[in-house]
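Below is one structure, written out as structure tokens; comments come after it.
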Amino acid sequence: MRKRIVRQSGTRSRRLGSCAGRGIRPARRLVSVTDAPEIPVRVRPEVAALPPYKQGKQAGAEAFKLSSNENPFDPLPGVLERVRAATALNRYPDASAARLRERLAERFGVTADAVHIGAGSVSILAQLVQATSGPGDEVIFAWRSFEAYPWLATLAGATAVLVPLTDDARHDLPAMAAAVTDRTRAIIVCSPNNPTGPVVTQPEFDAFIARVPADVLVILDEAYAEFVTAADAVDGLRTLGGTGHANVVVLRTFSKAYGLAGLRVGYAVGHPRILDAARSTAIPLSVTALAEEAALASLDVEDELIAHVGVISERRDRLAAALRDAGWRVPDAQGNFVWLPAGDETLALAEAFDAAGLIVRPFAGDGIRISVGEEESVEKVLRIAESVVRGLPEGHSGRGLA
Ligand SMILES: *Cc1c(COP(=O)(O)O)cnc(C)c1O
């Protein structure tokens, strides 16, 4: 007898149709896809409407790559040795990266099931959005913030709700709390905010979380936490340990301060059942044994790494102060990058940097993010930035008040 064909589907209907791009309010298309050849198969309309992925510029041998917030320091010898010694490349990794989870759990005073490891914290973000939000649901975040947020919401089929930053490029948490509806499933708070730089303060975050319904996930993305020097900045891990808001998940990464961007490893700390939901959506075995080993080795040599972080934070403060002295209106910079609100001059300014051998990250019509890189890059950045700010008209968004 022939076996029957079985069709399994979710409980939710996928409302597609003429909804291309509807997931993003008020999205700006950076790239036109209208002149691209037709896709030969049927693709979800919201996916088809996304601009094709374009890799950022690769730096030439002479250029400084200041476009991806990478750590300019080479990996420490102790880390390299441990990675080289991990030779079982024919074996799958441990599915839950248990050794790293236990190590982090011990450090933060939580149980191992309150820690979740991902192939970069972006992959955990994707899992959390996927786990909470689908068609008809809303994901709230500040804008401008990390470029991945609108994209992840759209991919989940959910609606992205973009709440404008304040004039000084900070999260407007009261406005974000006010944007919550009964369709809200997740809120992402980025502190320090990529690409503008300021942190959310602990009192601001505490007041915010008190207003958010307890069944709405709040993701606190702290990718740059180690670089923060502001005394009143929110500390996600302390927040978790404190008042017991079970709906808060904190994200951290080994990509930035720990200099392991190329190996892809990040982690979440939060309620084990929320993390179980994230784990259920994860692509299995994507955290490699090399990445886990490198993260463990980095924790072993943390003092040296933290010394590097101190160098970067000091360099950042010096760069931001000099840019302000030159006349730029640079928001408080708490990550490993500074923000130039260049507005309409953004692309022209990016070209001037490019011509000087400095690869920076322009956001057309808005501003330029410059990562704090090698010491030798600082003078060059200042020289170009100074020459341009003098040409900005009176009242331009990039001009400082001084
Ligand atoms: C860099 C970054 C991340 C993390 O990147 P991974 O390399 O995937 O860990 C997460 N959030 C923000 C805001 C970032 O800038």
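Tabulated results
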| item | result |
| --- | --- |
| Helical contribution to [θ] at 222 nm, DSSP H n ≥ 4, -39,500 (n - 2.57), averaged over the chain, rounded to 500 | -10500 deg cm²/dmol |
| Counting DSSP beta bridges with both ends in the range 77-300, the antiparallel % (nearest 5) | 30 |
| Nearest-20 debye value, the range 77-300 charge dipole, Cβ charges on Lys, Arg, Asp, Glu | 560 |
| Selection from 123, 274, 153 lying farthest towards where the dipole of the range 77-300 points positive, charges on Cβ | 123 |
| Beta bridge orientation in the chain: antiparallel %, DSSP, nearest 5 | 45 |
| Straight-distance crosslink candidates among lysines, where the alpha carbon sits under 30 Å from residue 54 and sequence neighbours closer than 8 are dropped | 65, 256, 380 |
| Rounded percent of accessible protein surface that carbon and sulfur make up, the chain, 1.4 Å probe | 53 |
| Only Lys, Arg (+1) and Asp, Glu (-1) charged, at Cβ; the chain dipole about Cα centre in debye | 2200 |
| In Hz, Karplus ³J(HN,Hα) per residue of the range 259-266 (6.51, -1.76, 1.60; θ = phi - 60°; x = Gly, Pro) | x, 10, 3, x, 9, 6, 8, x |
| The range 332-402: GluC sites (Glu not before Pro) falling in loop per DSSP and having at most 15 other Cβ within 10 Å | 374, 394 |
| Normalised contact order of the chain, rounded percent, pairs of Cα under 8 Å and 6 or more residues apart | 19 |
| In the range 95-182, the chymotrypsin sites (Phe, Trp or Tyr not before Pro) that fall in loop regions by DSSP, at most 11 other Cβ within 10 Å | none |
| Positive dipole terminus of the chain, leading residue within 205, 373, 8 (C-beta point charges) | 8 |
| Fraction of beta bridges assigned by DSSP in the range 170-260 that are antiparallel (%, nearest 5) | 10 |
| Per residue accessible area of the range 77-300, 1.4 Å probe, in Å² | 39 |
| Segments 43-51, 228-236 sorted - mean Cβ within 10 Å per residue, highest first | 228-236, 43-51 |
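The values are calculated or read from the model by the stated rules, or taken from the named source; none is laboratory data. All values reported here derive from a predicted model rather than from experimental measurement. Counting neighbours? That spans all protein chains shown, and the Cβs are built from the backbone with ideal geometry, glycine included. Heads up: the accessible areas ignore ligands, DNA and RNA and are worked out on the full protein's heavy atoms, side chains in. Shrake-Rupley method; radii C 1.70, N 1.55, O 1.52, S 1.80 Å.
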